[in-house]
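Scroll down for the structure; my scribbles are underneath it.
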Amino acid sequence: MDKKKLFAMIELCADGQGSLEAAEYFDNNGADGLLIADRYTTDAEHDRNIGYVREIARNVDAPLFVFGGIRRLEDVKKYLYAGAKKAVLDMDRESNRKLLKEASDRFGKEKIAVSVSEMYMISDYQELMEAYASVVLFYSDDGEEARQAARLLSVPVLPIGNYEQLSSYMELLREPNICGAAGSLLLKDSVNLYGLKSACREEGIPMSIMESAYSWKDFKLNSDGMIPVVVQDYRTLEVLMVAYMNEEAYEMTISTGKMTYWSRSRNELWVKGDTSGHYQYVKSLTLDCDLDTILAKVHQIGAACHTGSYSCFFNEAAYRDGQTEHNPLKVFEEVYQVIRDRKEHPKEGSYTNYLFDKGIDKILKKVGEEATEIVIAAKNPDPEEIKYEVSDFLYHVMVLMVERGVTWDDITRELAQR
(Lines give C-alpha, C1' and ligand atoms only; values in the text may rest on other atoms or scores of the structure.)
Protein backbone atom coordinates (compact mmCIF):
# COMPACT_ATOMS: atom_id res chain seq x y z
CA MET A 1 0.00 0.00 0.00
CA ASP A 2 1.31 3.47 -0.93
CA LYS A 3 2.27 5.71 1.96
CA LYS A 4 -0.05 8.61 2.74
CA LYS A 5 1.26 12.17 2.70
CA LEU A 6 0.48 15.45 4.44
CA PHE A 7 0.52 18.64 2.36
CA ALA A 8 0.85 22.28 3.38
CA MET A 9 -0.74 25.11 1.39
CA ILE A 10 1.13 28.33 0.60
CA GLU A 11 -0.35 31.43 -1.03
CA LEU A 12 2.18 33.29 -3.15
CA CYS A 13 2.19 36.96 -2.22
CA ALA A 14 4.07 40.14 -3.06
CA ASP A 15 6.56 39.23 -0.32
CA GLY A 16 8.43 36.44 -2.07
CA GLN A 17 10.75 35.99 0.89
CA GLY A 18 7.77 35.29 3.12
CA SER A 19 6.51 32.62 0.70
CA LEU A 20 9.96 31.02 0.59
CA GLU A 21 10.31 31.04 4.37
CA ALA A 22 6.89 29.40 4.76
CA ALA A 23 7.84 26.73 2.20
CA GLU A 24 11.13 26.01 3.96
CA TYR A 25 9.41 25.84 7.33
CA PHE A 26 6.89 23.22 6.26
CA ASP A 27 9.47 21.29 4.24
CA ASN A 28 11.72 21.09 7.30
CA ASN A 29 8.93 20.26 9.73
CA GLY A 30 7.33 17.21 8.18
CA ALA A 31 5.24 18.27 5.17
CA ASP A 32 5.48 15.70 2.38
CA GLY A 33 4.40 18.15 -0.31
CA LEU A 34 3.48 21.80 -0.86
CA LEU A 35 0.38 23.12 -2.60
CA ILE A 36 1.43 26.47 -4.07
CA ALA A 37 -1.37 28.91 -4.97
CA ASP A 38 -0.63 31.46 -7.71
CA ARG A 39 -3.62 33.81 -7.60
CA TYR A 40 -2.32 36.59 -9.85
CA THR A 41 -4.38 39.39 -11.35
CA THR A 42 -1.89 40.73 -13.90
CA ASP A 43 0.71 39.19 -16.20
CA ALA A 44 3.41 40.99 -14.23
CA GLU A 45 2.23 39.34 -11.00
CA HIS A 46 2.12 35.98 -12.77
CA ASP A 47 5.73 36.33 -13.96
CA ARG A 48 6.77 37.41 -10.47
CA ASN A 49 5.06 34.38 -8.95
CA ILE A 50 6.73 32.04 -11.44
CA GLY A 51 10.02 33.38 -10.12
CA TYR A 52 8.87 32.64 -6.56
CA VAL A 53 7.96 29.07 -7.55
CA ARG A 54 11.41 28.65 -9.06
CA GLU A 55 13.07 29.95 -5.89
CA ILE A 56 10.99 27.67 -3.68
CA ALA A 57 11.82 24.65 -5.86
CA ARG A 58 15.51 25.46 -5.52
CA ASN A 59 15.38 25.54 -1.73
CA VAL A 60 13.02 22.74 -0.69
CA ASP A 61 12.86 19.02 -1.36
CA ALA A 62 9.12 18.51 -0.95
CA PRO A 63 7.30 18.17 -4.29
CA LEU A 64 5.35 21.23 -5.42
CA PHE A 65 1.79 21.13 -6.79
CA VAL A 66 1.15 24.59 -8.31
CA PHE A 67 -2.35 25.84 -9.06
CA GLY A 68 -4.52 28.89 -9.47
CA GLY A 69 -2.95 30.58 -12.47
CA ILE A 70 -3.49 28.34 -15.49
CA ARG A 71 -5.16 30.20 -18.35
CA ARG A 72 -3.38 28.54 -21.29
CA LEU A 73 -1.01 25.68 -22.06
CA GLU A 74 1.97 28.00 -21.69
CA ASP A 75 1.11 28.43 -17.99
CA VAL A 76 1.34 24.66 -17.45
CA LYS A 77 4.78 24.68 -19.05
CA LYS A 78 5.90 27.64 -16.93
CA TYR A 79 4.92 25.89 -13.70
CA LEU A 80 6.62 22.64 -14.64
CA TYR A 81 9.76 24.34 -15.91
CA ALA A 82 9.91 26.41 -12.71
CA GLY A 83 10.17 23.17 -10.71
CA ALA A 84 6.62 22.03 -10.00
CA LYS A 85 6.13 18.28 -9.83
CA LYS A 86 2.52 18.74 -10.94
CA ALA A 87 0.56 21.57 -12.51
CA VAL A 88 -3.02 21.63 -11.20
CA LEU A 89 -5.87 22.51 -13.58
CA ASP A 90 -9.05 23.89 -12.04
CA MET A 91 -12.02 21.80 -13.24
CA ASP A 92 -14.38 24.60 -12.15
CA ARG A 93 -13.09 26.53 -15.16
CA GLU A 94 -14.41 25.47 -18.54
CA SER A 95 -11.15 26.64 -20.16
CA ASN A 96 -9.16 24.29 -17.94
CA ARG A 97 -11.46 21.37 -18.71
CA LYS A 98 -10.87 21.97 -22.40
CA LEU A 99 -7.13 22.25 -21.80
CA LEU A 100 -6.77 19.08 -19.71
CA LYS A 101 -6.29 16.52 -22.50
CA GLU A 102 -3.84 18.71 -24.39
CA ALA A 103 -1.78 19.36 -21.26
CA SER A 104 -1.71 15.67 -20.34
CA ASP A 105 -0.74 14.62 -23.85
CA ARG A 106 1.98 17.27 -24.03
CA PHE A 107 3.62 16.90 -20.63
CA GLY A 108 2.51 13.45 -19.46
CA LYS A 109 -0.34 12.43 -17.18
CA GLU A 110 2.01 12.11 -14.19
CA LYS A 111 2.73 15.87 -14.41
CA ILE A 112 -0.93 16.89 -14.36
CA ALA A 113 -3.38 17.11 -11.45
CA VAL A 114 -6.85 18.64 -11.26
CA SER A 115 -8.85 20.37 -8.55
CA VAL A 116 -12.60 20.07 -7.94
CA SER A 117 -14.80 21.95 -5.47
CA GLU A 118 -18.22 20.36 -6.03
CA MET A 119 -19.27 16.74 -5.69
CA TYR A 120 -21.43 16.77 -8.81
CA MET A 121 -18.34 17.54 -10.90
CA ILE A 122 -16.76 14.26 -9.80
CA SER A 123 -19.44 12.30 -11.64
CA ASP A 124 -19.85 14.81 -14.50
CA TYR A 125 -16.14 14.78 -15.39
CA GLN A 126 -15.01 11.47 -13.92
CA GLU A 127 -14.00 9.94 -17.24
CA LEU A 128 -12.03 13.03 -18.27
CA MET A 129 -10.15 13.26 -14.97
CA GLU A 130 -9.35 9.55 -14.84
CA ALA A 131 -7.98 9.63 -18.37
CA TYR A 132 -5.78 12.70 -18.10
CA ALA A 133 -4.97 13.49 -14.45
CA SER A 134 -2.76 11.66 -11.95
CA VAL A 135 -4.29 13.18 -8.77
CA VAL A 136 -7.60 14.88 -7.95
CA LEU A 137 -7.51 17.66 -5.34
CA PHE A 138 -10.99 17.77 -3.77
CA TYR A 139 -12.04 20.80 -1.72
CA SER A 140 -14.56 19.74 0.89
CA ASP A 141 -15.11 20.28 4.61
CA ASP A 142 -17.28 17.16 4.66
CA GLY A 143 -15.15 14.10 5.37
CA GLU A 144 -17.80 11.63 4.22
CA GLU A 145 -18.15 13.50 0.93
CA ALA A 146 -14.37 13.32 0.41
CA ARG A 147 -14.38 9.57 1.09
CA GLN A 148 -17.26 9.14 -1.35
CA ALA A 149 -15.30 10.97 -4.05
CA ALA A 150 -12.31 8.70 -3.43
CA ARG A 151 -14.49 5.61 -3.82
CA LEU A 152 -15.88 6.84 -7.14
CA LEU A 153 -12.55 7.71 -8.75
CA SER A 154 -9.82 5.33 -9.88
CA VAL A 155 -7.12 8.03 -9.58
CA PRO A 156 -5.85 9.04 -6.12
CA VAL A 157 -7.73 11.80 -4.28
CA LEU A 158 -6.15 14.48 -2.10
CA PRO A 159 -8.86 16.10 0.11
CA ILE A 160 -8.41 19.70 1.23
CA GLY A 161 -10.62 20.59 4.17
CA ASN A 162 -10.82 22.96 7.12
CA TYR A 163 -11.36 20.37 9.83
CA GLU A 164 -11.18 21.29 13.51
CA GLN A 165 -9.82 17.97 14.75
CA LEU A 166 -6.68 16.09 13.71
CA SER A 167 -8.72 12.90 14.06
CA SER A 168 -10.72 14.03 11.00
CA TYR A 169 -7.58 13.89 8.89
CA MET A 170 -6.74 10.47 10.32
CA GLU A 171 -10.16 9.18 9.29
CA LEU A 172 -9.65 10.47 5.76
CA LEU A 173 -6.27 8.79 5.49
CA ARG A 174 -7.81 5.41 6.30
CA GLU A 175 -9.59 5.48 2.92
CA PRO A 176 -7.50 3.38 0.47
CA ASN A 177 -7.77 5.77 -2.52
CA ILE A 178 -7.03 8.91 -0.51
CA CYS A 179 -3.32 9.59 -1.02
CA GLY A 180 -2.93 12.37 1.52
CA ALA A 181 -4.56 15.39 3.09
CA ALA A 182 -4.25 19.15 3.38
CA GLY A 183 -6.07 21.81 5.33
CA SER A 184 -5.83 24.88 7.53
CA LEU A 185 -5.38 22.91 10.75
CA LEU A 186 -2.18 21.34 9.41
CA LEU A 187 -0.68 24.82 8.94
CA LYS A 188 -0.73 25.77 12.62
CA ASP A 189 2.64 25.99 14.39
CA SER A 190 1.14 24.05 17.28
CA VAL A 191 0.51 21.01 15.06
CA ASN A 192 3.35 18.49 15.06
CA LEU A 193 3.20 16.82 11.64
CA TYR A 194 5.76 14.21 12.70
CA GLY A 195 3.61 13.42 15.72
CA LEU A 196 0.46 13.15 13.58
CA LYS A 197 2.23 10.80 11.21
CA SER A 198 3.41 8.64 14.10
CA ALA A 199 -0.12 8.51 15.51
CA CYS A 200 -1.46 7.48 12.10
CA ARG A 201 1.16 4.77 11.74
CA GLU A 202 0.26 3.40 15.18
CA GLU A 203 -3.31 3.12 13.89
CA GLY A 204 -2.14 1.05 10.94
CA ILE A 205 -2.17 3.89 8.39
CA PRO A 206 0.96 3.77 6.21
CA MET A 207 2.64 7.18 6.33
CA SER A 208 5.61 8.80 4.66
CA ILE A 209 7.74 9.05 7.77
CA MET A 210 11.34 8.51 8.78
CA GLU A 211 11.91 5.14 10.40
CA SER A 212 15.02 3.50 11.81
CA ALA A 213 16.07 0.22 10.24
CA TYR A 214 18.08 -0.55 13.39
CA SER A 215 17.29 -0.61 17.07
CA TRP A 216 19.58 1.00 19.62
CA LYS A 217 20.80 -2.38 20.82
CA ASP A 218 22.25 -3.03 17.35
CA PHE A 219 24.76 -0.18 17.73
CA LYS A 220 28.29 -0.62 19.04
CA LEU A 221 28.59 2.13 21.62
CA ASN A 222 31.63 3.83 23.12
CA SER A 223 32.62 3.56 26.78
CA ASP A 224 30.08 6.27 27.68
CA GLY A 225 27.24 4.33 26.08
CA MET A 226 26.99 6.76 23.16
CA ILE A 227 27.58 6.75 19.42
CA PRO A 228 29.51 9.48 17.55
CA VAL A 229 27.72 11.33 14.75
CA VAL A 230 29.51 12.91 11.78
CA VAL A 231 27.30 15.62 10.30
CA GLN A 232 27.36 16.63 6.62
CA ASP A 233 25.55 19.21 4.54
CA TYR A 234 23.25 17.03 2.42
CA ARG A 235 23.77 19.10 -0.73
CA THR A 236 27.46 19.99 -0.70
CA LEU A 237 28.58 17.02 1.46
CA GLU A 238 30.73 19.44 3.47
CA VAL A 239 31.50 17.99 6.92
CA LEU A 240 29.95 20.34 9.47
CA MET A 241 30.58 18.92 12.93
CA VAL A 242 30.90 15.86 15.13
CA ALA A 243 28.67 15.20 18.15
CA TYR A 244 27.32 12.29 20.20
CA MET A 245 23.96 10.62 20.73
CA ASN A 246 22.58 8.47 23.48
CA GLU A 247 19.44 6.39 22.95
CA GLU A 248 17.08 9.20 23.89
CA ALA A 249 18.77 11.62 21.50
CA TYR A 250 18.63 9.10 18.66
CA GLU A 251 14.94 8.33 19.18
CA MET A 252 14.09 12.04 19.40
CA THR A 253 16.00 12.71 16.18
CA ILE A 254 13.96 10.04 14.41
CA SER A 255 10.61 11.22 15.81
CA THR A 256 11.08 14.99 15.31
CA GLY A 257 13.28 15.21 12.21
CA LYS A 258 15.64 17.57 14.06
CA MET A 259 19.17 16.54 14.97
CA THR A 260 19.29 15.96 18.72
CA TYR A 261 22.46 15.11 20.67
CA TRP A 262 23.67 14.45 24.18
CA SER A 263 25.82 17.26 25.52
CA ARG A 264 28.68 15.66 27.44
CA SER A 265 29.78 19.00 28.92
CA ARG A 266 26.30 19.92 30.21
CA ASN A 267 25.16 16.33 30.74
CA GLU A 268 21.80 16.95 29.08
CA LEU A 269 19.81 16.44 25.90
CA TRP A 270 20.62 19.04 23.24
CA VAL A 271 18.42 19.89 20.24
CA LYS A 272 20.78 21.61 17.83
CA GLY A 273 19.35 25.09 17.16
CA ASP A 274 17.05 25.48 20.15
CA THR A 275 19.25 28.31 21.44
CA SER A 276 20.74 29.72 18.24
CA GLY A 277 17.95 28.97 15.77
CA HIS A 278 20.51 27.07 13.67
CA TYR A 279 18.56 23.84 13.43
CA GLN A 280 19.73 20.77 11.55
CA TYR A 281 16.90 18.99 9.73
CA VAL A 282 17.53 15.32 9.01
CA LYS A 283 17.76 14.13 5.43
CA SER A 284 19.33 10.72 6.12
CA LEU A 285 21.14 8.73 8.82
CA THR A 286 23.63 6.04 7.73
CA LEU A 287 25.66 3.67 9.87
CA ASP A 288 29.21 2.61 9.06
CA CYS A 289 30.27 -1.00 8.53
CA ASP A 290 30.92 -1.61 12.24
CA LEU A 291 27.68 0.06 13.37
CA ASP A 292 29.68 2.31 15.69
CA THR A 293 29.38 5.68 13.89
CA ILE A 294 26.46 7.54 12.31
CA LEU A 295 26.80 9.69 9.21
CA ALA A 296 24.01 12.30 9.28
CA LYS A 297 23.18 14.30 6.16
CA VAL A 298 21.26 17.42 7.15
CA HIS A 299 19.76 20.67 5.95
CA GLN A 300 21.72 23.15 8.03
CA ILE A 301 20.07 26.41 9.01
CA GLY A 302 22.65 29.12 9.63
CA ALA A 303 26.02 28.08 11.02
CA ALA A 304 26.87 24.66 12.44
CA CYS A 305 29.74 25.92 14.58
CA HIS A 306 29.35 27.91 17.79
CA THR A 307 32.03 30.31 16.47
CA GLY A 308 29.70 31.40 13.68
CA SER A 309 31.55 29.42 11.03
CA TYR A 310 29.36 27.32 8.76
CA SER A 311 31.50 24.26 9.52
CA CYS A 312 33.48 23.42 12.62
CA PHE A 313 36.33 22.26 10.39
CA PHE A 314 38.20 25.42 9.41
CA ASN A 315 41.59 25.11 11.14
CA GLU A 316 43.86 23.88 8.35
CA ALA A 317 46.53 21.63 9.87
CA ALA A 318 48.24 20.39 6.70
CA TYR A 319 47.75 20.87 2.99
CA ARG A 320 49.52 19.44 -0.03
CA ASP A 321 50.20 21.99 -2.77
CA GLY A 322 49.04 21.35 -6.30
CA GLN A 323 45.93 19.36 -5.47
CA THR A 324 43.07 19.57 -7.95
CA GLU A 325 39.38 19.21 -7.13
CA HIS A 326 37.87 16.14 -8.83
CA ASN A 327 34.31 16.13 -7.54
CA PRO A 328 32.41 16.78 -10.82
CA LEU A 329 29.55 18.80 -9.39
CA LYS A 330 31.89 20.82 -7.21
CA VAL A 331 34.06 21.62 -10.24
CA PHE A 332 30.97 22.69 -12.19
CA GLU A 333 29.75 24.81 -9.29
CA GLU A 334 33.13 26.50 -8.81
CA VAL A 335 33.41 27.39 -12.51
CA TYR A 336 29.80 28.56 -12.51
CA GLN A 337 30.48 30.86 -9.55
CA VAL A 338 33.52 32.35 -11.31
CA ILE A 339 31.38 33.07 -14.38
CA ARG A 340 28.62 34.59 -12.25
CA ASP A 341 31.19 36.76 -10.46
CA ARG A 342 32.42 38.03 -13.83
CA LYS A 343 28.87 39.06 -14.69
CA GLU A 344 28.38 40.83 -11.37
CA HIS A 345 31.91 42.30 -11.23
CA PRO A 346 33.17 42.78 -14.80
CA LYS A 347 36.90 42.47 -15.41
CA GLU A 348 38.63 44.25 -18.26
CA GLY A 349 39.93 41.88 -20.92
CA SER A 350 37.80 38.96 -19.69
CA TYR A 351 36.46 36.72 -22.48
CA THR A 352 33.50 35.91 -20.25
CA ASN A 353 32.62 39.59 -19.96
CA TYR A 354 33.03 39.93 -23.72
CA LEU A 355 30.28 37.30 -24.15
CA PHE A 356 28.00 38.99 -21.61
CA ASP A 357 28.56 42.39 -23.26
CA LYS A 358 27.67 41.00 -26.70
CA GLY A 359 24.44 39.56 -25.34
CA ILE A 360 22.32 36.47 -25.66
CA ASP A 361 22.61 36.06 -29.44
CA LYS A 362 26.41 35.89 -29.25
CA ILE A 363 26.25 33.41 -26.36
CA LEU A 364 23.80 31.19 -28.24
CA LYS A 365 25.96 31.35 -31.37
CA LYS A 366 28.98 30.14 -29.37
CA VAL A 367 26.97 27.31 -27.74
CA GLY A 368 25.89 26.17 -31.20
CA GLU A 369 29.43 26.37 -32.59
CA GLU A 370 30.87 24.40 -29.67
CA ALA A 371 28.18 21.72 -30.03
CA THR A 372 29.19 21.34 -33.67
CA GLU A 373 32.85 21.05 -32.63
CA ILE A 374 31.91 18.10 -30.41
CA VAL A 375 30.25 16.36 -33.36
CA ILE A 376 33.37 16.88 -35.49
CA ALA A 377 35.69 15.75 -32.67
CA ALA A 378 33.61 12.60 -32.13
CA LYS A 379 34.60 11.42 -35.62
CA ASN A 380 38.20 11.33 -34.43
CA PRO A 381 39.09 8.06 -32.63
CA ASP A 382 41.32 9.99 -30.22
CA PRO A 383 39.16 10.87 -27.16
CA GLU A 384 41.45 13.72 -26.12
CA GLU A 385 39.91 16.07 -28.67
CA ILE A 386 36.42 15.20 -27.43
CA LYS A 387 37.42 16.06 -23.85
CA TYR A 388 38.66 19.46 -24.96
CA GLU A 389 35.58 20.27 -27.04
CA VAL A 390 33.12 19.06 -24.38
CA SER A 391 34.89 21.25 -21.82
CA ASP A 392 34.60 24.24 -24.18
CA PHE A 393 30.92 23.47 -24.72
CA LEU A 394 30.18 23.17 -20.99
CA TYR A 395 31.89 26.49 -20.29
CA HIS A 396 29.72 28.28 -22.87
CA VAL A 397 26.61 26.49 -21.58
CA MET A 398 27.43 27.80 -18.10
CA VAL A 399 27.71 31.33 -19.48
CA LEU A 400 24.23 30.81 -20.93
CA MET A 401 22.98 29.44 -17.60
CA VAL A 402 24.25 32.50 -15.72
CA GLU A 403 22.78 34.83 -18.35
CA ARG A 404 19.36 33.19 -17.95
CA GLY A 405 19.51 32.61 -14.19
CA VAL A 406 19.64 28.79 -14.32
CA THR A 407 21.77 27.05 -11.66
CA TRP A 408 23.39 23.64 -11.46
CA ASP A 409 20.96 22.88 -8.66
CA ASP A 410 18.10 23.49 -11.13
CA ILE A 411 19.73 21.14 -13.65
CA THR A 412 20.47 18.32 -11.20
CA ARG A 413 16.95 18.49 -9.75
CA GLU A 414 15.45 18.27 -13.22
CA LEU A 415 17.66 15.29 -14.11
CA ALA A 416 16.78 13.57 -10.84
CA GLN A 417 13.06 13.76 -11.72
CA ARG A 418 13.53 12.04 -15.08
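The values are calculated or read from the model by the stated rules, or taken from the named source; none is laboratory data. The shown structure was predicted, so the numbers you read here are calculated from the model rather than taken from an experiment. Every residue, glycine among them, receives a Cβ derived from its backbone with ideal geometry; neighbour counts consider all protein chains shown. These area figures cover heavy atoms from the full protein model, side chains too; ligands, DNA and RNA do not enter into them. Shrake-Rupley method; radii C 1.70, N 1.55, O 1.52, S 1.80 Å.
General remarks:
- Number of positions in the range 130-147 that are buried (at least 18 other Cβ atoms within 10 Å of the Cβ) and out of contact with any helix residue (DSSP H, G or I) (no Cβ under 8 Å at 6 or more places or on another chain): 2
- Matching residues in the range 274-291 - criterion: being crowded, with 17+ Cβ neighbours inside 10 Å and assigned to a loop (DSSP other than H, G, I, E, B): 278, 279
- Qualifying residue in the range 99-115 (condition: in a loop (DSSP other than H, G, I, E, B) and touching a helix residue (DSSP H, G or I) at 6+ places or on another chain (Cβ under 8 Å)): no
- Counting only residues that are over 23 Å from residue 76 (Cβ atoms) and open to solvent by less than 50 Å² (accessible area, probe 1.4 Å), the range 148-166 holds 5 of them.
- Pairs meeting the criteria (first residue in the range 388-399 and farther than 10 Å from residue 352 by Cβ, second residue of a type in the set (Phe, Trp, Tyr) and in a helix (DSSP H, G or I), beta carbons under 9 Å, at least 6 apart or on different chains) are 394/332.
- Test: residue in the range 235-245 that is of a type in the set (Ser, Thr, Tyr), open to solvent by 80 Å² or more (accessible area, probe 1.4 Å) and closer than 15 Å to residue 310 by Cα: yes
- Those residues of the range 215-227 which are free of Cβ contacts under 8 Å to residues at least 60 places away in the same chain, open to solvent by 50 Å² or more (accessible area, probe 1.4 Å) and either under 28 Å from the mean Cα position of the chain (by Cα) or closer than 15 Å to residue 264 by Cα (or both), in sequence order: 223, 224
- When residue 230 is tested against (1) among the hydrophobic types (A, V, I, L, M, F, W, C); (2) open to solvent by 30 Å² or more (accessible area, probe 1.4 Å); (3) closer than 30 Å to residue 305 by Cβ; (4) touching a helix residue (DSSP H, G or I) at 6+ places or on another chain (Cβ under 9 Å), only condition (4) is not met.
Yes or no, residue by residue, for (1) touching a helix residue (DSSP H, G or I) at 6+ places or on another chain (Cβ under 9 Å); (2) under 28 Å from residue 25 (Cβ atoms); (3) without any contact (Cβ under 8 Å) to a residue 40 or more places away in the chain:
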residue	(1), (2), (3)
255	yes, yes, no
259	yes, yes, yes
276	no, yes, yes
296	yes, yes, no
319	no, no, yes
